[in-house]
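The values are calculated or read from the model by the stated rules, or taken from the named source; none is laboratory data. The shown structure was predicted, so the numbers you read here are calculated from the model rather than taken from an experiment. Note: ideal-geometry Cβ built from the backbone for every residue, glycine included; neighbour counts use all protein chains shown.
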Amino acid sequence: MARGFSKAIICGNITRDPELRSTPSGAKVCSFSVAVNRTYRDANGANQESVSFIDCSAWGKVAEILEQYAKKGTGILVSGRLDQRSWEDKNSGQKRSRVEIVVEDFNFLGGNGAGADGGNNRASAGANSSDGADVVPDDIPDDGSEVALDDIPF
């Protein structure tokens, strides 16, 4: 039997402020929804638009970062796996199910001030960042002479 594979990548806007909860064991989980717009031509050649609302959940540190920096309207690129949850409705007794994306990675999009880093992925907030100002190549002569284009290896 073949092994399964599940990967989903979506790009859109968060439809409501992310909601952070804790499981009884103390694990953090953040729920939110992303609106994904699609434009297509109908049978008459007219442009049409449709919107899909995709439920997402994030766990652990990713959940905490999303709850802290994301808000309704924030542009986001989400990648993760599809997961189906099933439960029984307590009021009606009917079986319910929902397919959602379990977030593995994300990036904030746009320059609308999402996050303190101007829209970069907050999941890697602990990484050492540099703006390149302190980088000095050691193989370029600093005596003012020009580098011959024939000396460049590419």
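Below are the figures for this structure:
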{"quantity": "Qualifying strands (runs of 3 or more DSSP E) (wholly inside segment 1-53; at least 1 residues being under 15 Å from the mean Cα position of the chain (by Cα) and loosely packed, with under 10 Cβ neighbours inside 10 Å)", "calculated": "none"}
{"quantity": "Close pairs (9 angstrom Cβ cut-off, 6 or more residues apart or separate chains): farther than 20 Å from Gly110 by Cβ in segment 75-90, of a type in the set (D, E, K, R) and surrounded by fewer than 10 Cβ atoms within 10 Å (Cβ to Cβ) anywhere", "calculated": "Ser86/Lys95; Trp87/Lys95; Glu88/Lys95; Asp89/Lys95"}
{"quantity": "Residues of segment 37-63 satisfying the condition of being within 29 Å of Asn107 (Cα to Cα) and of a type in the set (Lys, Arg)", "calculated": "Arg38, Lys61"}
{"quantity": "Residue match in segment 79-89 (condition: of a type in the set (A, V, I, L, M, F, W, C) and under 23 Å from the mean Cα position of the chain (by Cα))", "calculated": "yes"}
{"quantity": "Hits in segment 71-102 - residues which are polar (S, T, N, Q), exposed (fewer than 10 other Cβ atoms within 10 Å of the Cβ) and not in a strand (DSSP E or B)", "calculated": "Asn91, Ser92, Gln94"}
{"quantity": "Exclusive hit being more than 22 Å from the chain's Cα centre (by Cα), of a type in the set (Ser, Thr, Tyr) and either at pLDDT below 95 or under 18 Å from Ile10 (Cα atoms) (or both), set Ser97, Ser124, Ser129, Ser57", "calculated": "Ser97"}
{"quantity": "Single match in Val34, Val29 (criterion: out of contact with any helix residue (DSSP H, G or I) (no Cβ under 7 Å at 6 or more places or on another chain), closer than 17 Å to Val99 by Cα and of a type outside the set (Ser, Thr, Tyr))", "calculated": "Val34"}
